[in-house]
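The values are calculated or read from the model by the stated rules, or taken from the named source; none is laboratory data. As the structure is a computational prediction, the values presented were derived from the model and not from experiment. Using ideal geometry, Cβ is built from the backbone for each residue, glycine included, and neighbour counts are taken over all protein chains shown.
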Amino acid sequence: MVLKIYQKYLIKEFILIVCKITFVFLILGLIMGLLEEINFFSEFDVKYFYPIYLVLLNVPSLIYEIFPFIFLLSSQLLFIKLLDSGELNTFKSNGLDNIKILKLITLLSLIIGLFIVIIFYNFSAIMKFNYLDIKKNFTKDNKYLATITENGLWIKDEIRDEINFINAKSFTINTLNDVDIIQLNQDFEFQNNIKAEKVNIQENTWSLYDVRIIDKNNSIKTQDEMSFLSNFNYEEINNLFSNLASLTIWNLFELKKNYLSINYSTTEIDYHLQRIIAYPFFITIITALSAILMLNMHFQKPKLFYIIVGILLSVIIYYINFFFGTLGKNEKIPLLVSIWIPILTLSIICLIGIIRINEK
């Protein structure tokens with residue numbers, strides 16, 4: 001498709017504004033992140049580049065989260081520029097109506113949104129994973145690790161001078177099933193092998209049921225119930241798998257498969273995947289809504305007024321998404337409803353606004 005001159009001009013201007021605003025937020029993110037990392041590493045003897053390196057790893061994930069706000073501001077600034085320069089009236093006098101401009105900008109936003117999801121998101125997830133992987137080495141949680149594989153839930157837990165390697169074949173709310181615990185001392189010498197049919201992990205003091213204990217002399221002792229102290233409980237284990245932003249799209253599908261293999265809830269993963277699928281459409285609707293508001297407003301007010309309106313609009317949209325997202329993750333409403341109802345609502349508002357803008 002051969003682009004017309006006005007299309008090339010609008011595309012160039014919009015992309016340029018998006019890049020400028022992204023750069024501003026990138027600098028702000030680097031400054032704020034650097035201050036946070038310097039404060040974190042103040043207790044450690046590390047080389048000067050460590051905080052800088054970690055900030056660079058973390059900032060793409062931050063930019064991904066605020067891209068909708070960036071596109072909202074970009075759409076506003078584009079129309080402010082077109083009005084201030086008189087180009088909007090020039091376009092109209094040459095037969096180019098507001099609908100055509102809006103269609104071009106929203107289609108461009110959709111294409112960029114797809115690029116962000118397919119390329120940038122996976123890039124930011126890899127960077128975020130490396131960020132968390134490096135930073136965990138400087139926290140006390142490094143001794144307490146947990147992961148989910150196709151073979152179940154695996155936990156490394158150090159407590160009371162003992163190193164415990166724990167495997168559970170399935171994991172449900174507050175409960176581990178078919179559990180195998182290998183206990184070693186600090187010299188990694190075998191002490192005990194504890195097997196339990198069921199373990200209640202609601203608190204840090206676990207309750208083990210139908211227990212068999214095999215010591216280093218291969219003596220076997222059985223108990224109906226016993227207590228087991230751990231650094232983990234259900235909530236803490238669940239939180240370990242909540243940072244899904246550090247996983248690429250293919251990693252998310254692999255993790256979902258592993259969750260299903262141990263009968264663990266995939267609600268968080270499904271919600272995150274639906275958000276990724278909806279992301280390009282969300283950016284498109286945000287861009288369209290911002291443009292429609294600008295075209296329906298009178299431009300006698302200062303530019304700062306429109307920026308403030310944009311910020312307030314983004315805050316309102318954020319809390320609407322947060323509200324529906326919370327309902328979806330808590331399974332109060334279906335996940336699809338929690339993700340797509342805000343987008344459909346904004347789409348309806350956009351359609352109502354489109355009826356008016358061509359009269360401007």
Checklist entry - hydrophobic (A, V, I, L, M, F, W, C), within 25 Å of the chain's Cα centre (by Cα) and not in a strand (DSSP E or B): does that describe residue 153? => result no
Checklist outcome for this item: Taking the range 217-235 and keeping residues over 40 Å from the mean Cα position of the chain (by Cα) and closer than 14 Å to residue 207 by Cβ leaves 223, 224, 225
Item to check | From 138, 171, 115, residue being over 17 Å from residue 230 (Cβ atoms) and touching a residue at least 24 places away in the same chain (Cβ under 8 Å) | outcome: 138
Next on the checklist: Quick test for you: out of 99, 163, pick the one residue that is farther than 30 Å from residue 46 by Cβ, hydrophobic (A, V, I, L, M, F, W, C), over 23 Å from the mean Cα position of the chain (by Cα) and at pLDDT below 90.
Outcome noted: 99
Checklist entry - Does residue 72 satisfy being assigned by TED's automatic domain parsing to the domain that holds residue 119 and either crowded, with 17+ Cβ neighbours inside 10 Å or within 17 Å of residue 109 (Cβ to Cβ) (or both)? => result yes
Checklist entry - Within the group 17, 38, 31, 80, which residue is in the same structural domain as residue 116 (by TED's automatic domain parsing) and touching a Leu at 6+ places or on another chain (Cβ under 8 Å)? => result 17
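The rows are residues; the columns are (1) under 23 Å from the mean Cα position of the chain (by Cα); (2) in the same structural domain as residue 339 (by TED's automatic domain parsing); (3) assigned to a loop (DSSP other than H, G, I, E, B).
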position	(1), (2), (3)
184	no, no, no
188	no, no, yes
193	no, no, no
237	yes, no, no
Checklist entry - When you look at residue 273, is it assigned by TED's automatic domain parsing to the domain that holds residue 92, touching a Cys at 6+ places or on another chain (Cβ under 9 Å), modelled with pLDDT of 85 or more and hydrophobic (A, V, I, L, M, F, W, C), yes or no? => result no
Checklist entry - Which ranges mark the helices (runs of 4 or more DSSP H) fully within the range 46-126 that have 1 or more residues being within 24 Å of residue 282 (Cβ to Cβ) and of a type in the set (Phe, Trp, Tyr)? => result 49-84, 98-115
Checklist entry - For the subset of the range 207-228 comprising residues that are at negative phi and of a type in the set (S, T, N, Q), which member is surrounded by the fewest Cβ atoms within 10 Å (Cβ to Cβ)? => result 217
Checklist entry - For residue 317, are the conditions met, namely being touching a residue at least 24 places away in the same chain (Cβ under 8 Å), of a type in the set (A, V, I, L, M) and surrounded by fewer than 16 Cβ atoms within 10 Å (Cβ to Cβ)? => result no
Next on the checklist: Given the condition at pLDDT 90 or above and within 17 Å of the chain's Cα centre (by Cα), answer yes or no: does some residue in the range 283-301 qualify?
Outcome noted: yes
Checklist entry - What do you reckon, is residue 128 more than 18 Å from residue 234 (Cα to Cα), crowded, with 20+ Cβ neighbours inside 10 Å and within 19 Å of the chain's Cα centre (by Cα)? => result yes
Checklist entry - What pairs can you find where one residue is in the range 204-227 and assigned by TED's automatic domain parsing to the domain that holds residue 185, the other is surrounded by fewer than 13 Cβ atoms within 10 Å (Cβ to Cβ) and of a type in the set (Lys, Arg), and their Cβ atoms are less than 6 Å apart, with a gap of 6+ or different chains? => result 213/221
Item to check | Single residue of the range 245-261 satisfying the filter (among the aromatic types (Phe, Trp, Tyr) and surrounded by fewer than 16 Cβ atoms within 10 Å (Cβ to Cβ)) that is farthest from residue 57 (Cα to Cα) | outcome: 253
